[in-house]
Structure formats: C-alpha cells, structure tokens
Amino acid sequence: MSSPPSFALVDPDNQEHQVPEFPSRDGPQRLVAAATKQPRNREKIRLEPGHSPLDWAKLVSSGKDLRGVSQLGRYTLEEIRQHRTQEDAWTAIAGKVYNMTPYLKFHPGGVKDLMRVAGRDGTKLFMMTHSWVNIDYLMEKCMVGFLVPSN
Ligand code: HEM
C-alpha cells in the first residue's frame, strides 16, 4: 500500500518532519468544498498585516477577553439585533451566539461579508459559503451564549 500524501514541515529547531497532507485528498473537507458553489471572479481579500489565521490562533490562545461579556447568556434574535455595528457585532450560528468584532479583520472572506450576518442568524449564509469551517473551534473564545426562541 502506498503511504498517504505528505509534505516536509520544518520546525523552529530546523528539524524536518514529514506530515500528512491536510485536508487529505479524499477527506471530508475537500469533498464539501468541491461541492460548494463558488462565485466566479470573486476578488481575493487581502488581510491586513498581523491578521493571518496564525495571528488569530495566537490571539485566541493569548487569554485576552474576546467575548466582551462576563458569562454565557441566552439571547433571542431581538437581542442579537441590537449588536450589528462593527464595534459590536454579534451573530448566531447553529444555535450559538458569537461576538464577531474581534474576528472581523481576520476573516479570510473580508469584513464586508462577515458583517452581512451581524445582528442576525447567520447559519444559512455561513453554511452556504463554507460549511467545512469549524466555527466551534475557531470562534470558541468569542462565544457569548446560546440562541433561544423569542416569547
Ligand atoms: C462567524 C462567521 C464566519 C466565520 C468564523 C468564517 C470563517 C472563515 C474561514 C476560516 C475562511 C477560510 C476558509 C478556507 O480557506 O477554507 C472563510 C472564508 C470565506 N468566508 Fe467566511 N466566515 C464566517 C462567515 C462568513 C459569511 C457570513 C460569509 C458570506 C456572506 C463568508 C464568506 C467567506 C468567503 C467568500 C470566504 C472565501 C475567502 C477566500 O478564499 O478568498 N464568511 N471564512
């Protein structure tokens, strides 16, 4: 049996490691991505310096408060609607409510697209564009609570 595709990764001590390719060629991420319609001629967003996915990972693990609330709460869509400016942008995705403000400039799809879901339930748009993105993991530290039905 042939070994799975891999590439060489050089660590900070200059040691080379063969690591498996990710996403793997026939893995779920690529299958879903291939099945997602992509608009033609979409302009690639240029992220500002210091806003790469790696910079986001560093910020998330820095211990800095990214939620802006002291504890998780239960929010209705009416409450979420009050948070729709760039300085205070919340969205609900798959039943969880997130403060998107710290993430705006890190979003590979740009601030403008992300703001389309500010103050509302963004599940549909999120799933339509990139259902493979692991939002639970990526935005864990920005979660402010859970979406609950309005009375
Ligand atoms: C909190 C919600 C969101 C998060 C955490 C998020 C996260 C991400 C991530 C991680 C990527 C890179 C994906 C990859 O390279 O495979 C991405 C790309 C993208 N996102 Fe989002 N996204 C969110 C909401 C949205 C919304 C609502 C839209 C559209 C209205 C959108 C449009 C895009 C587009 C067009 C790209 C592709 C950018 C490119 O490849 O140039 N995103 N997003």
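Below, the figures for the structure above:
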{"read-out": "Strands (runs of 3 or more DSSP E) lying entirely in region 87-151 (those with 2 or more residues that are modelled with pLDDT of 95 or more and among the hydrophobic types (A, V, I, L, M, F, W, C))", "value": "88-93, 143-147"}
{"read-out": "Boolean, Gly110 is surrounded by 17 or more Cβ atoms within 10 Å (Cβ to Cβ), in contact (Cβ under 8 Å) with a residue 12 or more places away in the chain and within 11 Å of the ligand (Cβ to nearest atom)", "value": "no"}
{"read-out": "The one condition in (1) exposed (fewer than 10 other Cβ atoms within 10 Å of the Cβ); (2) under 19 Å from the mean Cα position of the chain (by Cα); (3) among the hydrophobic types (A, V, I, L, M, F, W, C) that Leu47 fails to fulfil", "value": "(1)"}
{"read-out": "Conditions (1) in contact (Cβ under 8 Å) with a residue 24 or more places away in the chain; (2) more than 12 Å from the ligand (Cβ to nearest atom); (3) assigned by TED's automatic domain parsing to the domain that holds Val133: number failed by Met100", "value": "(2)"}
{"read-out": "Residue that is nearest to the ligand (Cβ to nearest atom), among those in region 27-85 that are within 17 Å of His107 (Cα to Cα) and assigned to a helix (DSSP H, G or I)", "value": "Pro53"}
{"read-out": "Residue that is nearest to Val32 (Cα to Cα) [pool: residues in region 97-151 that are among the polar types (S, T, N, Q) and in contact with a strand residue (DSSP E or B) (Cβ under 9 Å, 6 or more places away or on another chain)]", "value": "Thr123"}
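This table checks each residue for (1) within 19 Å of the chain's Cα centre (by Cα); (2) not aromatic (Phe, Trp, Tyr).
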position	(1), (2)
Ser3	no, yes
Asn14	no, yes
Pro20	no, yes
Pro23	yes, yes
Gly27	no, yes
Gln38	yes, yes
Ser61	yes, yes
Asp65	yes, yes
Tyr75	no, no
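The values are calculated or read from the model by the stated rules, or taken from the named source; none is laboratory data. Note that the structure is predicted; figures quoted are calculated from it, not measured. Don't worry about glycine lacking a Cβ; one is built from the backbone with ideal geometry, like all the others, and counts go over all protein chains shown.
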